[in-house]
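One structure is given below, encoded as structure tokens.
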Protein chains: 2
Amino acid sequence: MPPTPRRSTILEVARLAGASKTSVSRYFGEERDRLSPSLQARIAHAAGTLGYQPNQMARGLKGGRSKLLGMLVADIRNPFSVAITHGVEQACRQYGYSLVVCNTDNDPEQERQHLDLLGAYQVEGLVVNASGSPERQLHTFISQGTPIVLLDREVDHVEAEVVGLDNHLAVDMALEHLADQGYQAVLYVSEAPQQSSTRQKRLARFNHTAGQLGLIHSSSLLANSDGTATLQELSDFLAAHQQHACAVLCGNGTATLTVTRLFQQLDLLLGKVGLMGIDELDWCALISPGITTLAQPTDAMGKTAVQCLMHRIAPHVSSMPAALSFSPTLIERGSTQR
Amino acid sequence: MPPTPRRSTILEVARLAGASKTSVSRYFGEERDRLSPSLQARIAHAAGTLGYQPNQMARGLKGGRSKLLGMLVADIRNPFSVAITHGVEQACRQYGYSLVVCNTDNDPEQERQHLDLLGAYQVEGLVVNASGSPERQLHTFISQGTPIVLLDREVDHVEAEVVGLDNHLAVDMALEHLADQGYQAVLYVSEAPQQSSTRQKRLARFNHTAGQLGLIHSSSLLANSDGTATLQELSDFLAAHQQHACAVLCGNGTATLTVTRLFQQLDLLLGKVGLMGIDELDWCALISPGITTLAQPTDAMGKTAVQCLMHRIAPHVSSMPAALSFSPTLIERGSTQR
DNA sequence: CTGAAAGCGCTTACAG
DNA sequence: CTGAAAGCGCTTACAG
């Protein structure tokens, strides 16, 4: 067997360039300017010849800088999460960091394991879209000086910036739109709030604002993804308020998907019964006459999260973002046109 | 300022346990069994007290095992990619590996950078869903003994397993279904093949099999995402074959999304003009009367890719998967019912 | 069953 | 402007 070609090391580059390891290290680090042009040229040439690339593991070990950010995502198959992840990733690149994305599938046990792991890889910062309540572990990061930013969901007893939608504003905008369009009775459909502060807030705000606007209102939690329980609740709601114009407000994209299926099962006419969802999805424009949504600025949110982290890691390269709470955009379509 | 609490090290655990670093290392490595029960207990206790966790950077540096797999994804916002990534991730966890996912947004330059990076982090294996033709860099990995598996797309001159759909079978199944349903003229809509071997193969097979089946056929490449050019081509196609039953076959999910929009713009009745797509999407059942698709077994594909890698990294823990080429599942809906 | 020591590939005071 | 040397936290022969 031929010997496996290995990656070349700093020592080999140094030898070939007739320089010291120190100089090569400086060349690939922040101190390239300290080297004379001729030294730089020799090193560049040697490194090019050998195809040298610094070993990040070694760098991380010695310098304490892994140049890695970690991200915990509760559900990577949710389009909203994908969009945010995309934004986070872009921003990382921009700052010269790499991102390790860990999907927890909303499972606290996977979340625990992934956090251990992120710690073991010495990530310099963490974007957390929590599944459970990983207080303990997050405190470990914080006490070691690793900055954390919470995405979309708060975590009890963890003091960290929270980047996300202005949930009160979102629900208010939705309800005001529905009221403006003449709907008088609104059913709110949401996944079970569980640990999600966002789901809790939206639900609470729904009850609050719907009351204030004088709307008849009620809510239904999605038990399983086929929404059988909600099917019943929806048809009961419509039956009970036949004399009023009824609408459904969905708490997120998953709810919108399920409810759209229910509308078809019950043969409801979109608009005649209003339908509106928080989160914009690819297909909302396609279900004729279109489903009205509240779009979240996912790219901006992802970038802001990273900016928070960078501000703490390297205050000189990034200022603290001005706002952590974002306004949604109303995308009006036929489903809220009576 | 209080001193920042650091992570504890192997040395601290060793001291507290009254043991050597070697023993602590063995405890956290593969050789725990070599330690006497009492030593194990002392180490376990000490580690627990200090909240010790081995530093993976250091492990990777010395042992050469980063326990990291890398994955290059051409477009993370494509639902098909997300589904595959999910499968890959699950499989990694199962083998005790972590996954660094890099999205290239179909940009060869980003692809280049990400590959450098993955190398710098010493990934032990690589799942590559290529954007461009990163031959050179992939060869570097291969020559260093890092196994590679290609996902969905081949890369010229790179010899590696290719995990993906059986594209010939898929196109044949689609065309046979359309022919069975009585469609006589079929337009194939695809994104521009560019570097994608899959897109090339599907297109070529379309022309081949459509010809064999005696179908009138033609194809249209999506230039921009709004599909203006294709809009024209579609309506021309329909006009030219008014006396025949016409259908459109979409080469992937993106094409299906665009074409569905075009159907609405042209006010075409689904089924009257047939529509079928490769890739199953959330909303295909919702566009009434439903869009017929060919679903890919994404989880199995992701798992298989990882299994290939693991077989090369650690032949004793994983056998070579039996098949690398997968059959799609036909999901019949109203859009192919005349 | 256990440990002392060398060394993985880097960075960073320190010295000149 | 440049380099010799110590050391980051581990693993792994080697020895007993």
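Derivation of every value follows stated rules applied to the coordinates shown; laboratory data play no part. Note that the structure is predicted; figures quoted are calculated from it, not measured. Virtual Cβ from ideal backbone geometry, glycine too; neighbours counted across all protein chains shown.
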Legend entry - Calculated FRET value between A:SER319 and B:GLN144, using beta carbons and R₀ = 41 Å, to 0.05: 0.50
Inset, instruction - Would you calculate the volume per residue, in Å³, of the smallest convex hull containing every Cα atom of chain A? - result: 180
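Take every DSSP beta bridge whose two residues both sit in the protein assembly as shown, then give the antiparallel share in percent to the nearest 5. Intermediate results must be reported in sequence, preceding the final value.
Numbers: 6 of 82 bridges.
In the protein assembly as shown, DSSP labels about 5 percent of beta bridges as antiparallel.
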Legend entry - Normalised convex hull volume, the stretch B:10-54, alpha-carbon set, Å³ per residue: 55
Legend entry - Inter-copy spacing of B:SER36 label points, which lie 7 Å from Cα along Cα→Cβ, given in nm from shortest upward: 6.2
Legend entry - Radius 12 Å from Cβ of B:ARG312, net charge of other residues (Lys, Arg +1; Asp, Glu -1): -2
Inset, instruction - Would you tell me the mean number of C-beta atoms belonging to other protein chains that fall within 10 Å of each C-beta in B:51-58, as a whole number? - result: 6
Inset, instruction - May I ask you to give the average projected area over all directions of the convex hull of the Cα atoms of the stretch B:224-294, in nm² rounded to one decimal? - result: 4.4
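Quick one: dipole size for the stretch A:1-103, taken about the Cα centre, charges +1 on Lys/Arg Cβ and -1 on Asp/Glu Cβ, in debye to the nearest 20. Mind showing how you got there, number by number?
Working: 14 positive and 6 negative charges, 76 e Å.
Computed about the Cα centre, the dipole is about 360 debye.
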Inset, instruction - Run the quick spin-label model on A:THR22 and A:SER235: label points 7 Å from Cα toward the beta carbon, then report their separation in nm to one decimal. - result: 8.2
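Based on the alpha carbons, how large is the Rg to Rh ratio for the stretch B:219-338 when Rh follows Kirkwood? Write down the numbers at each step before the final one.
Working: Rg = 18.6 Å, Rh = 16.2 Å.
Ratio of gyration radius to Kirkwood radius for the stretch B:219-338: 1.14.
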Legend entry - Cα→Cβ-extended label distance, 7 Å offset, between A:GLN212 and B:LEU330, nm: 5.6
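Go through A:LYS272/A:LYS303; A:LYS272/B:LYS272; B:LYS272/B:LYS303; A:LYS21/A:LYS67 and tell me which ones have a Cα-Cα distance over 31 Å in this structure.
Working: A:LYS272/A:LYS303 39 Å; A:LYS272/B:LYS272 27 Å; B:LYS272/B:LYS303 39 Å; A:LYS21/A:LYS67 21 Å.
The answer is A:LYS272/A:LYS303; B:LYS272/B:LYS303.
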Legend entry - Cα-only radius of gyration and Dmax that characterise the stretch A:34-188, units Å: 21.5, 78
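How big is the charge dipole of the protein assembly as shown about its Cα centre, in debye rounded to the nearest 20, if each Lys and Arg gets +1 on its Cβ and each Asp and Glu gets -1 on its Cβ?
Working: 54 positive and 64 negative charges, 593 e Å.
It works out to roughly 2840 debye.
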Inset, instruction - Quick one: order A:GLU154, A:GLU124 by neighbouring beta-carbon count within 10 Å, fewest to most. - result: A:GLU154, A:GLU124
Inset, instruction - Report the calculated FRET efficiency for B:ARG77 and A:SER36 (r = Cβ-Cβ distance, R0 = 41 Å), to the nearest 0.05. - result: 0.30
Legend entry - Max mean-square fluctuation residue, GNM over chain A, Cα-Cα springs under 10 Å, options A:LEU262, A:LEU222, A:LEU16: A:LEU16
Inset, instruction - Place the label 7 angstrom along Cα→C-beta at B:GLU109 and in each other copy, then list the distances from the first to the rest in nm, shortest first. - result: 4.6
Legend entry - Net +/- balance of residues flanking B:ALA245 in space, Cβ distance below 9 Å, scoring K and R +1, D and E -1: +2
Legend entry - Choice from B:MET57, B:MET71, B:MET310 showing the highest fluctuation, given a GNM over chain B with Cα pairs closer than 10 Å: B:MET57
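Ranked by Cβ crowding within 10 angstrom, fewest neighbours first, how are B:LEU330, A:LEU203, B:LEU11 ordered?
Least crowded to most crowded, the residues run B:LEU11, B:LEU330, A:LEU203.
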Inset, instruction - Taking every pair of Cα atoms in the stretch A:65-148, average 1/r, invert it to obtain the Kirkwood radius, and report Rg/Rh to two decimals. - result: 0.95
Inset, instruction - Quick one: with label points 7 Å out along Cα→Cβ, list the inter-copy distances for A:ALA229 in nm, shortest first? - result: 5.2
Inset, instruction - Step through the residues of the stretch B:117-131 one at a time and calculate ³J(HN,Hα) from phi using the Karplus curve (6.51 cos²θ - 1.76 cosθ + 1.60, θ = phi - 60°), rounding each to whole Hz and writing x for Gly and Pro. - result: 4, 4, x, 4, 8, 6, 4, 8, x, 9, 9, 10, 9, 6, 9
Legend entry - Paramagnetic reach from A:ARG65 in the stretch A:81-106 [backbone N under 13 Å; point 7 Å along Cα→Cβ]: A:95-98
Legend entry - the stretch B:10-54, dipole about Cα centre (Lys/Arg Cβ +1, Asp/Glu Cβ -1), debye to the nearest 20: 120
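Taking every DSSP beta bridge that has both residues in chain A, what percent is antiparallel when rounded to the nearest 5?
Working: 3 of 41 bridges.
Just about 5 percent of them are antiparallel.
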Inset, instruction - Rank these for me by crowding, A:PHE206, B:PHE80, A:PHE326, going from fewest to most other beta carbons within 10 Å. - result: A:PHE326, B:PHE80, A:PHE206
Inset, instruction - Return a whole-number percent for the relative contact order of the stretch A:10-54, with Cα pairs under 8 Å and 6 or more residues apart as the contact set. - result: 43
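How fast does the protein assembly as shown diffuse by Stokes-Einstein, in µm²/s, taking the Kirkwood radius from C-alpha pairs at 20 °C and 1.002 mPa s?
Values: Rh = 27.7 Å.
The estimated diffusion coefficient comes to 77 µm²/s.
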Inset, instruction - Taking H placed 1.01 Å from N in the peptide plane, check which residues at least 5 places from A:ASN78 or on another chain put their amide H under 5 Å from its amide H. - result: none
Legend entry - Per-residue average of Cβ from other chains inside 10 Å of A:86-99: 2
Legend entry - Efficiency of FRET from Cβ geometry, B:ASP156 and A:THR9, R₀ 45 Å, rounded to 0.05: 0.90
Legend entry - Where only alpha carbons of the stretch A:21-116 are counted, the Rg and the Dmax (Å): 18.7, 56
Inset, instruction - Using per-residue counts of other Cβ atoms within 10 Å, averaged over each peptide, order B:111-117, B:49-55, B:160-166 from highest down. - result: B:160-166, B:111-117, B:49-55
Legend entry - Closest approach to the A/B rotation axis among chain A Cβ atoms, residue and whole-Å value: A:TRP283, 2
